[in-house]
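What follows draws every value from the coordinates through simple rules; no lab data is involved. What you are looking at is a predicted structure, and each value in this text was computed from that prediction instead of being measured. Neighbour counts are summed over all protein chains in view; Cβ atoms, including those assigned to glycine, are modelled from backbone coordinates with ideal geometry.
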Amino acid sequence: MTTTQDTHSLAFMTGDEFHIPTFRLLQQDGTLFEGAEAPDLDQQKALRIYRAMLFTRVLDERMLAAQRQGRLSFYMQCTGEEAAVIGAAAALDDADMIMAQYREQGALAYRGFTYDEFMNQLFGNELDYGKGRQMPIHYGSRKLHYMTISSPLATQIPQAAGYAYGQKLAGEGHCTITFFGEGAASEGDFHAALNMASVHKAPVIFFCRNNGYAISTPASEQFAADGIAPRAFGYRMHVIRVDGNDVLAVYQATQQARVIAVEQNQPVLIEAMTYRLAAHSSSDDPSGYRSRKEEEAWREKDPILRMQRWLIDLGWWSEDEEKALQESLRREVLETLKRAEKRPPPPLDSLVSDVYADVTPALQRQLDRLKSHIRRHPEAYPKGARSLDPDVSATADADKPNGEQGGA
Ligand SMILES: Cc1ncc(C[n+]2csc(CCOP(=O)(O)OP(=O)(O)O)c2C)c(N)n1
Ligand SMILES: [Mg+2]
């Protein structure tokens, strides 16, 4: 459908005539803005959201420390964006599909992914669902309707459009949410996905976390327009911009977006304005590209503190409960970390399984070559590597003089 209206005076447009406001309900002191109304959220659900936010913060702090201690190869924090991610996840049905980028562990925590499940993935041990084939933070859970993370940016956005189209055809009243950063929205896939979803009327929520940076590139160097939200107009799509550090606003906006998606079969774009308080990843140092002052200004807008004050004001939470929860989360995260790092890696043979129904000759040859390489150079492999495969340990031990048993 194209609407045209003739004009006889030359006039270009830039889109500047549209102003997209930011939907906000909660102030930093935990009180509502004048005229704002809290969404329909009972104490039980509010506390489920809050606990997931705190869980995520504690997990992130501890796992970054574990990376610094050399126990973990890599990590990415959600710090500062917990309200955006968890507020959105909470507004969905738990059986709706989540297709995330990599900084949305809070959504998975909200759904009930356990510390053990997080840790097993992070350490790539024998219980990791991905069998140690992915870098840390590439979580996935079939049971919790959370598609496994893909490293190449924006992969999940067109996949979400397609998956949601399938949900519409299945007619079971579910939708898909896809999370992505404002940086990923520069990929062509973003546009293909929005166009497809709006033409085919797919029940999908495109949730952009505009956290100000794509690694070291500030948003001001990424796009000339007013953020990501105006792009929805090009696809005739519903859009809302929301304060991403305001859990109530995110929750209400996403809840309403879900109604539009599921009841009207219309995609929705949400742009959540937030800030990546931590480094991009454990491999990044933001002091080279942004000021402490800027970070401090955003630290003042901490989304967890904002929600905590609201809960305490309502009498739904107390400082004692806060202290007790923080302590138990810290204890639990440390215990599960220790458990997961001690577990052995997946068997070596699993490197080539689940790719084809039967292992192909080419893959088998690669595996055989790898095994004989490890046999020749066991010392070049990390502790535990020889026991990856029972054949390897047995042969290597038999080769040793005096029947000495290798303990590697
Ligand atoms: C196709 C592709 N290009 C580049 C990268 C490298 N890369 C990883 S994360 C990232 C920045 C993404 O920023 P944004 O989407 O804003 O997400 P944020 O990290 O801020 O949450 C880049 C460039 C990649 N993973 N995939
Ligand atoms: Mg970003």
| request: Filter the range 154-188 down to residues that are of a type in the set (Asp, Glu) and within 16 Å of ligand 2 (Cβ to nearest atom) and give me whichever is surrounded by the most Cβ atoms within 10 Å (Cβ to Cβ). | output: 182
| said: Just to confirm my filter: which helices (runs of 4 or more DSSP H) fall fully inside the range 271-351 and include at least 2 residues that are in contact with a strand residue (DSSP E or B) (Cβ under 7 Å, 6 or more places away or on another chain)? | reply: 303-314
| task | Quickly run through the range 336-380 and pick out the residues that are without any contact (Cβ under 8 Å) to a residue 40 or more places away in the chain and within 30 Å of residue 51 (Cα to Cα). | result | 338, 342
| Listed residues 220, 216; which is out of contact with any Cys (no Cβ under 6 Å at 6 or more places or on another chain), within 16 Å of ligand 2 (Cβ to nearest atom), polar (S, T, N, Q) and without any contact (Cβ under 8 Å) to a residue 60 or more places away in the chain? | 220
| said: Given the criteria within 14 Å of ligand 1 (Cβ to nearest atom) and under 20 Å from residue 97 (Cα atoms), does residue 138 qualify? | reply: yes
| request: Residue by residue through the range 144-153, note down the ones that are of a type in the set (A, V, I, L, M) and within 16 Å of ligand 2 (Cβ to nearest atom). | output: 149, 153
